[in-house]
Each structure stands twice: as structure tokens, then as C-alpha cells.
Amino acid sequence: MVLDILMIEDEPNIAEAVRFILGRDGWQLQLHADGLGGIEAIRQARPRLVILDLMLPHRSGAEILADLRSDPDAALAATPVLMLTARGQTPELAAQADAVLGKPFANDDLRAQVRRMLA
Amino acid sequence: MSSRGPTHVLTGTRIRERRLSLSRRQADVARAAGISPAYLNLIEHNRRPVGEDLVQRLAEVLEVPSDELAEGREEARIAALREAAARLPDAARGLSPELEQAPEFLARFPGWAAVLVASARRSEALERQLVALSDRMTQDPYLLTTLHEVLSAVTSLRSTASILAEGSEIPEDWRQRFHANLNEDSLRLSNMAQALVKYLDSFETDGAIFTPQEEVEAWMAAGTPPVEGSGDLASDAARLLARVHLERIAEERATLPDEELAAVAGDERDPLRIAAELRQPLDLVMRRLAQLGRAGFERAGLLVCDGSGALTLRRPAPGFPLPRPGDACPLWPLYQALAAPQTAMSHLVITPEGRRFATLSYATRRQPGGTGGPVLTQAQMLILPAETAAASPALPAIPIGPSCRICPRTVCAARREPSILRGS
């Protein structure tokens, strides 16, 4: 079965709320709580969408995104990524990620963004 | 013009301006002050010196405090006016203020001159405050981490509260979990807010110390405390740094005692010649001269950096612009020395405020790990006010700054980021 969303987020309460919101919309979601092993988790799960926090322990979301975009598996490298950031959007981030959502976000904005990206 | 120079020229002009502002005749004022109209005329045209007693009498006649007319304060005021002009914002750079007429401006419009100087000083104070706050906001890891934590807690609170507020069916186990999360996040947010307020309150302390290096620098600048005194420092890192610094100072002082160094430095100001005469390494002599604090080196500063360019010791010379730790000007000759070890480099530098310093930079290399070990480079720069240095280098002064972010120079080949001071 194809996984809809892999979310890499180290804040358990944010992850839990997002899991509930998107799960209620019918999306299959898996969580990974650390920057370390983030790219391996993506390679293993091969999700349709990655929701990636920017500020992660051990390895930042930007580094994981760069790893993903340079993956030799072209299909995996093209996986859509929705970046969550509390630090504002940088040109580098905008160029690499498919969409960027600032923290704190409205649940409906997150749901709409995910719907668009998985349509 | 009299041989006494421009200060009493000003006094004469100020006397004349004050008299004219009161619409009083020269003869009346002269008579009231007990001098002849012809002598007052010469004074007003700056062709005769004015003694203290006469200034006092004229001030009484002209109903003005004597120091408004007298010499002394004027030089300082003219210097303040020139400094205000030197600190012009870039947008006004093309205005070319008539610096040579600053004395005349001060004499004719003392009130406006005072306003201009006060505005320039306030601007300078605000710049200093801005730099300090900007440093904190952009470099302070505690602040950055805490703000990130606050945003994370707020994000969680907002999402969770929205879910509960929607009113739709929520399974009981999820509802309980969300309530627990709300409680946990609100408690976390409350603690962080209190910690942040306490931390931000410390910003009010002007020039507050916040890194171990700054703490040690301030502690050492307060005197030459004993190694055991390092227990007064706030952090373990600062205490360790202090102990390392002080132990090295003690070792170097034992190798080259103050009296021995002062005896040579009193006659010879060139550090290379001092080193040759004392048969000691130049880098040791430079560090010891900065420590000596006498024999012409009272206002000496010293910067030391490692091979990465990180400053490991900052003992500023008065007026030399230093940024907070972790930042520096790439044009400091210190960094040129890194590229040419064992070569003493003498440069004249000029700060954005127009202060000139003679610098001597020198780098050394060592391999403490043996032949196969890493090569460690260290550079140091001895800084002396240009007027106290042995000889000013023949080359033009290098325009330097503190660091790009807080440097007002817009045209600089080495600029790596815009300045927060001038919107460059």
C-alpha cells in the first residue's frame, strides 16, 4: 500500500495534532521524529508527500531536503515536499521545496495545501 | 590672525556676535567693560588676545555666562562638530560640510551648534544600542533557541485548540490526549515566557556581557587578577578561559619580566628592534608589550586569532572598533599575516570615525603533534594609536571597520553582508 504522507517533525504534540487532522481527512500518515535517519525513512517509505520541519535535531530539514533532491533515484528525488518553518521562507528553501508553510499555521491551511499537493 | 591660534579668534567673534545680537554699540560695551572702543574693536576682529578677567567683564556686560565667550570649551565643541560631520549618514555624504568654518559656525550660532552635536551624540548612542541588540538577536543562541521553542509550542497549541473548538466528533481517547497536550504546551509556554522576560530585562544593562570570552575580557580589563580570582566568573567556560589566559601571562612574564622589557622599550619603540635587542621571539615581545601598560605602550591593544580567523584574544586599544565575538573586519591586517607566517607586517589603518592606528601583525606556525601532526597557525596584531607609534608606515591607511554588519562604509571590496547602520 502506498503511503500518502511521511511527516518528519520533532515536536510530538504538533505531530499528533497533524496526524489527527490529516488522518480525519483520510490520508495515511507516518511520523519520523528526528533529522537523523530522515532521508532513510523517506527512501524506505517512498511516500507521495513529505511534510518536513526545518528545525530538526541532528540534521536540519534543509539538509534532508538537499539529500532528497540529489538522490540518484529520480522518482524519489522528485517527491513533493511541504516544508514547515518558524523562521520565514528563504530563496534557497523556496527553490528546493514544493511549498512552504509558516508556523504557527491554521489547520485548514495545512489541509488545503495537502489536498492540493496530493490531488 | 594672532599667533595664539584659532581659539581666541573664536572668542573675539563670539563677543562681537553677542554684542550685535543685543543691538549694543561697541563704544557702550567697551566703556562698561573698562576698555577703549578701539581695543574692543581689535578684540572683536580677533586681532588681540583676551585675558580671563576681561572675558569675565565682557560676559557680565553682555549678560552671558563667561564660558560662553571664553576659550577652552570651544576646542572641544569644534572637535565635537567635526566628529558630527565625520559621522554623516551616507545619504548626506555629498553635502561636503564646510569643516574649516566650524569655528565660525560655533561662534555665530552656539545654540544650533549645540543642537547638532547633541543630535550626533544621540545618534551615536542609538547606533551602539542598535548594534548591541542586533548582536543579541542574530547571534545569541539562547534567544534563537528559545524563540523557536515558543513558536513550536504556539503551533501545537493553535492546532490542538482548533481541533477541540471545531465541535465535531472526537474520539474520547484523542480528546483526552489533546487536553493533556494543551496543558503541557501552555505550561511550557508560560515557563518560556517568564524566562524570556527575565533574559530580555538584562538587555537594559548597557554593554551586558553574554559570552564566556566577553566575560573574561571584561574581567581581565578590570586589572590583573590572580588565577584563583577566576572563581568570581559566572560560567565554567569563562573560568577555564581565564585560567588558561592568566597562566600563559604568568609564564610569559617570567620569561620576559616587566622591568627588563620596560628598560628597552623606554628607548626603542620598534617591537622588532626590541625583540632583537632582548633576543626574544617577536610574538612574545608583542604580547608582552600589550601587557606592559607603560613605557609608551599604555594605550596598546592586541588581537590574536587562530588559523580559522577566530579571535582568541581581544584586548582592544581605546577607540579601535571591536565587534562582538564571532565577527570581525576582513581588512584587518591581522588576517593578511595569516597568509605570510614569520613576516612582520606594518600597516596604518583608519576607522570609520577617522581614528588612525599603527598596527604590527605577525603570524607563527607550530606542530605540537610532531611531524605528522596538524600545522597550527596563530596571528597577532599589536595596535597603537598612530601618534604614539614608533613610525607611521609610508603606505596609505587601510580603511577598516568592526565587522560588515555594523560598519558604515558602503564602498568596500571586502563587504560580505549589508550594514544595519546605513541600509547599504
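Nothing in this text is a laboratory measurement; each read-out follows from the coordinates by a stated rule. Bear in mind that the values here come from a model prediction, so they are computed numbers and not experimental data. Backbone-built Cβ (ideal geometry, glycine too); neighbour counts: all protein chains shown.
Listed values, structure above:
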read-out: Inter-chain Cβ neighbour average for residues B:248-254, partner chain, 10 Å; value: 0
read-out: Chain lengthening between B:Arg82 and B:Thr255 when straightened (0.36 nm per residue, less Cα-Cα); value: 57.7 nm
read-out: Farthest toward positive dipole pole in the protein assembly as shown [+1 Lys/Arg, -1 Asp/Glu at C-beta], among B:Ala195, A:Gln30, B:Gln280; value: B:Gln280
read-out: Gain on full stretching of the segment that runs from A:Gln44 to A:Arg59 - 0.36 nm per residue minus C-alpha separation; value: 3.6 nm
read-out: For B:Ser419, distant residues with modelled amide H under 5 Å away; value: B:Ser424
read-out: Selected from A:Val81, A:Val18, A:Val50 as most flexible by GNM, with chain A as the system and alpha-carbon contacts under 10 Å; value: A:Val18
read-out: Rounded if a/c under 1.5, otherwise prolate or oblate - segment A:1-63, Cα gyration tensor axes; value: oblate
read-out: Inter-centroid distance (Cα atoms) of segment B:351-390 relative to segment B:163-200, Å; value: 54 Å
read-out: Helix-derived mean residue ellipticity, 222 nm - over chain A, DSSP H n ≥ 4, -39500 (n - 2.57), to 500; value: -12000 deg cm²/dmol
read-out: Calculated from backbone phi, Karplus (6.51, -1.76, 1.60) coupling profile of segment B:337-348 in Hz, x at Gly/Pro; value: 5, 4, 7, 9, x, 6, 10, 6, 10, 9, 9, 9
read-out: For the protein assembly as shown, with +1 on Lys and Arg beta carbons and -1 on Asp and Glu, the positive-most of A:Pro57, B:Pro110, A:Ala15 along the dipole; value: B:Pro110
read-out: Förster radius 35 Å - calculated FRET efficiency between A:Asp34 and B:Lys198, Cβ distance, rounded to 0.05; value: 0.70
read-out: Cα gyration tensor shape for chain A, rounded if a/c is under 1.5, else prolate or oblate; value: rounded
read-out: Debye, to nearest 20: dipole size of the protein assembly as shown, +1 on Lys, Arg Cβ, -1 on Asp, Glu Cβ; value: 1800 debye
read-out: Point-charge dipole on Cβ atoms (K/R +1, D/E -1) for chain A, about Cα centre, debye to 20; value: 320 debye
